[in-house]
Each structure stands twice: as C-alpha cells, then as structure tokens.
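Derivation of every value follows stated rules applied to the coordinates shown; laboratory data play no part. Just so you know, these numbers come straight off a predicted model, no measurement behind them. Cβ placement follows ideal geometry from the backbone for every residue including glycine, while neighbour counts extend to all protein chains displayed.
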Amino acid sequence: MSGRYQHQRGLVWFRSDLRVHDNMALYRAVESCHEVAGVFIACPQTWQSHDEGDNLVAFRLACLRELQAALGERNIPLYFLELKRFEQVPQAMAQIVSKLQASAVYANAEYPLNERRRDQSVRQALREMEVAIEFTSDRTLVPPGAIKTNSGEAYKVFTPFKRAFIAQCGGADFSPLPAPRKRAAADWPGWLQIEGKDNLRQTIPATVKGYRAMPLEQGRLLGWQPGEKAARKRLKGFEERIHAYADERDFPGIDGTSKLSPYLSSGALSVRQCAQLALACNRGRWTGGRAGVDCWLGELIWREFYTHLLVAFPRLCKHQPFKLETEGVRWSADEQAFRRWCRGETGVPIVDAAMLQLQQSGWMHNRLRMVVASFLTKNLLIDWRWGERYFMNLLIDGDFAANNGGWQWAASTGTDAAPYFRVFNPYSQSEKFDRRGEFIRHYLPALQKLSDKQVHQPPPMAGYPAPICDVKETRKRAIEAFAALKK
Ligand code: FAD
C-alpha cells in the first residue's frame, strides 16, 4: 500500500447520490484508500418505505447504470445487491466488507428516519468488526441541524430560516469537488454470495422485485434522460434561462423552471453544483443580485429548509402533521372523489390537466402541485397523506422532505403553512397562470376549441364533466373544519 493512503481497500456505499462529480463520500474514499469499489443495496424500503413508485425506481436504476459506466472508466467497480428488508442491510454490509476485505466504508448521509436508523445499525455492525465508517453531509448545502435560532432551536418558519442561512453561509465556498481520476486496475471479484442466496453482482438489473420494468425510449424515461451527464447538461442549459426565472416560473405553459428536481432527488446532480452556478451569475450573492437568480437560490433554500425540518422533527417521517392539533381535522374518506382527482377527472380543467401531466411525465409544475394539493385537501377535504402518497407513487423526482413539506404547506398542517382560510381558487389560479389556456389544451385536447375564457371553466354544453364540487361552498366547509379545531 502506498504511504499516502490510510486504507488499502475502501467501499463507497451509494444511495441517493448517483454521480461521480462532487460526491463527498466518493471523494473521501479515493483520497483515503488505495483501492476503491462502490456498492448499491436495493430493497423495497430503499424506495417503498416512502411509497416511491415505478417511475422513480426505473429512473434511479438507469442513473445507476450510467454511474457504473462512469466509475468503470476510472477502474472503480460498482456492485449491486438486492435485499428484502432494511433490517438485513447491516449484516449484508458486514459480509460485503469482510468478503471484499475492505477496512473502510464511506457514505453520504440520508435524512429520513428509517434511513437514519438503518445507517446507525450499519455503523454498529461495522464498529464491532473494527471497520471504519464515515457518513458525510452532502445532500444539503449545510448539514441539517447547523442552522439554529439564538436559543439553539430549529427554525420552524421559512423566512427567518432563510435569513439565518444567508447570514451563516453568505460567504461560504460551495465549489464542487472533482470527479476521481482513473485509478490503477485492482483485482476485485466479479460477484460474491451474500446472505447465502443473494448475489452481489456487477450488473444493474432492468428492474427490482415489486416494480415494473420500464423500457427507456431513445434513452429517455417518460421524456427524462436519466443520469449525471444529462443532469449537468440541463444545469448548464438553465444558466441561460435563470435570469427569466422570477418572471416565468409560475406559468406551467412555459419552460420557465430548471426541471432539475429528478436529478437533485436521485443525486445525479448535487445542490452545490446548482448553488455554484447560480452564485456565479449573481457575483456570489444569495440576495440583492439579479431577480431571477435570487429567486432560484431561494428555492434551493426551501429544499434545505424541508430537509432540516425532517431531522429536527422526526414525527414528520411518520407522516404526522407538523401542527399536531390538525390531527383533529375531520377529513373526508370519499374514495370515489379521490380516484377522480387521481385520474384527472374532477371537471376542473386546470386540476385535471395537472394530474395528467403527472401521469404522463412523472413530474408536475410547482404552481400546479400547489393547486391540486389545495384542491384535494381543502375543496375535497381529503387527508393530505392520501395525496402525499399518490404523488410519491408517480413522481420521478419524489423526495420525502420536499413532498411532505409541500403537502403540509398546502393542507395548512405544516410549519409556516399559509393560514387555513387562504384556500386557492383553482379557476382564478388557472386564469392567472395559464391565461390563454395553452397548458390546459395541451393535456385536454377536448377543450381545444373553447375560447380562452371558457377553457378555464367549460360551460355545461361543452361536454366536459361537471365539476366534482362547488369551489366556493367547499372552501367554506374547509374553513369551518379548521376553525372547529379552535373550539
Ligand atoms: P425549480 O423551480 O427550478 O427549483 C430548483 C430546485 O429547488 C428544485 O429542483 C428543487 O430541488 C428545489 N425546490 C424548488 N421548490 C421547492 C420547494 N417548494 N420545496 C423544496 N424544494 C424545492 N420537490 C421535489 O423535489 N420532490 C417532491 O417530491 C416534491 N413534491 C412536492 C409536492 C407538493 C404538494 C408541492 C407543493 C411541492 C413539491 N415539490 C417537490 C417542490 C417543487 O414543486 C419541485 O421541487 C419543483 O416543482 C421541481 O421543479 P424544478 O426542478 O423545475 O424546480
């Protein structure tokens, strides 16, 4: 072993950080170990504990295949293992480490509760074998827990969190780390037996048990190109559009947002890479610079905020409301209405078009996520957890923290949720943000011929299903349901 290395052999345990550039754990491993291999452990809980569905799994497996190729070019093999349960991970990890004769493991921390528990058990198992394990903070710009109020507590409201974040990180260096250089080839086995029957292989399967295999069409999944190269290209392309972000981001008919969420969620892209690009456009400033850039950086801080909240308030991981008193809301259990919402058959065009966007592309514009979430939880008064779960099953960018945060915000059960009496009117949202109905017509061609005015609220003779509810009356009902909590 060369004197410059601390360990002869080290393993990088990849999870939601599927990239070679700016990957803290990978960087630490190549700095500290003479020989490096990667491992990815898939088990239903890796995705299913949070109900992540076929789209997300297929996207991540495709990202993994690209990661394997990129690592292969650097003589770093990537092993894949499928297990049934998280509980098996510590023992499997112990076997992998021992059979591959590694003395150190490197991983980037994951923050949902089940993942933290799993990592704690792996740490314990490896400690007993005297194998070093290092969890690095890589998913956020600042480790969760590092931004506190003066009294040492976690922030519960976004705006003061943002202020504190900028005060603390304003001058911080978020320069991304380089990808590892090509290393000398090492003698790693092609495959190994782990847990008796589960093989540790160097092939990434097309799918895993319990999920549909979804073939890529021209390298794309539902229109999305998986992998790190596509992520970097998309980020670079956004540089030209970032200045228009503040003006365009609310209009679903315009390609006004970055559409980087699937890459950030899978870790094909790091948040530091995003921050660095934006800060470079803003002379290093988080605020007080160009409006579009300030605004986009603000969204990256929302992402930080929701991830920080998960760690500070573990009950969120158990799908409990942040505002515990809202547990008392008497949600409707109208399954038929829920199904109509899921299928995009509510009779409210903007809601239906948005739900079709989700079905067809595995993604939904942020403005529409707020509109459909408000419609489900306020107008239909259906439990936000039904929507949260449905989203997670379809979103290609499913992220536990952002999804939970978004749903609780819309349902007024969350941290700094809008007051419960502020209920989105889907028709005015539609008129304001899809003024000429271009987005609606794209997903609902049956409404093609309606005027720009009628397309938002088709008249009965247009043949479109009647609205599932009266938005004014149901708004009142929702307000009463929340007001009843105070009595
Ligand atoms: P941009 O507007 O370009 O923003 C850049 C990045 O900032 C995003 O990729 C994302 O990582 C982050 N970001 C932006 N807005 C938010 C936000 N409100 N909260 C947290 N992070 C944000 N985002 C997810 O990544 N995964 C989810 O599962 C998810 N579920 C949501 C559910 C609801 C009900 C709502 C209201 C929002 C949800 N969001 C979720 C947040 C937001 O809608 C998406 O991040 C955004 O639409 C992604 O598109 P973009 O990459 O073009 O975003």
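So the values come out like this:
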read-out	value
Summed residue charge, Cβ within 15 Å of Lys453's Cβ, Lys/Arg positive, Asp/Glu negative	+1
Test item: Cα-centred dipole of segment 418-480, Lys/Arg +1 and Asp/Glu -1 on Cβ, debye	120 debye
Total formal charge among the other residues, if their Cβ is under 11 angstrom from that of Lys432, Lys/Arg +1 and Asp/Glu -1	-1
Inverse mean reciprocal Cα-Cα distance (Kirkwood Rh) of segment 343-402, Å	11.5 Å
Antiparallel bridges, percent of DSSP beta bridges restricted to the chain (to nearest 5)	25 percent
Filtered trypsin sites (Lys or Arg not before Pro), segment 15-112: DSSP coil and at most 14 other beta carbons within 10 Å	Lys84, Arg85
Counted charge near Leu100, where neighbours are those whose Cβ lies closer than 12 Å (Asp, Glu -1; Lys, Arg +1)	0
Proximal aspartates and glutamates relative to Lys156, as straight alpha-carbon distance under 20 Å, when same-chain residues fewer than 8 apart are discounted	Glu299, Glu304, Glu325, Glu327, Asp399, Asp416
Sparsely packed GluC sites (Glu not before Pro) within segment 209-289, loop by DSSP, other Cβ within 10 Å at most 10	Glu240
Amide proton proximity set for Ser332, modelled H, under 5 Å, gap of 5+	Ile382, Asp383
Extension gain (nm, one decimal) between Lys318 and Lys472, 0.36 nm per residue minus Cα-Cα	52.2 nm
Dipole moment magnitude, nearest 20 debye, the chain about Cα centre, only Lys, Arg, Asp, Glu C-beta charged	380 debye
Amide proton proximity set for Leu222, modelled H, under 5 Å, gap of 5+	Glu217
Contact order normalised by residue count of segment 1-42, Cα under 8 Å, 6+ apart, percent	56 percent
Mean projected area in nm² (Cα convex hull; one quarter of hull surface) for the chain	24.6 nm²
Candidate lysines - alpha carbon under 28 Å from Lys209, same-chain residues fewer than 8 apart omitted	Lys84, Lys99, Lys197, Lys229, Lys318
Label-point separation, Glu73 to Glu195 (7 Å along Cα→Cβ), nm	3.3 nm
Cα centroid of segment 306-321 to Cα centroid of segment 214-232, whole Å	31 Å
Hull-based mean projected area of segment 155-206, where the convex hull spans the alpha carbons, in square nanometres	9.1 nm²
Glu239-Lys487 FRET efficiency (beta carbon distance; Förster radius 41 Å; 0.05 resolution)	0.20
Order of Trp191, Trp384, Trp302 - criterion: other Cβ atoms within 10 Å of each residue's Cβ, fewest first	Trp191, Trp302, Trp384
The chain, relative contact order in percent, only Cα pairs under 8 angstrom and at least six apart counted	17 percent
Sites Ser137 and Ala462, calculated FRET efficiency, Cβ-Cβ separation with R0 51 Å, nearest 0.05	0.40
5 angstrom amide H check on Thr346, placed H, neighbours 5+ away	Asp352
Estimated distance in nm for a label pair at Ala172 and Gln202, the labels positioned 7 Å out from Cα along Cα-to-Cβ	3.8 nm
Qualifying GluC sites (Glu not before Pro) for segment 1-100 [loop in DSSP, other Cβ within 10 Å: at most 15]	Glu73
Rounded to the nearest 20 debye, dipole of segment 81-179 from Cβ charges on Lys, Arg, Asp, Glu	340 debye
Straight-distance crosslink candidates among lysines, where the alpha carbon sits under 25 Å from Lys162 and sequence neighbours closer than 8 are dropped	Lys148, Lys259, Lys323
Space enclosed by the convex hull of the alpha-carbon atoms of segment 383-480, per residue, Å³	132 Å³
Coordinate range along principal axes, alpha carbons of segment 1-111, Å, largest first	46, 29, 23
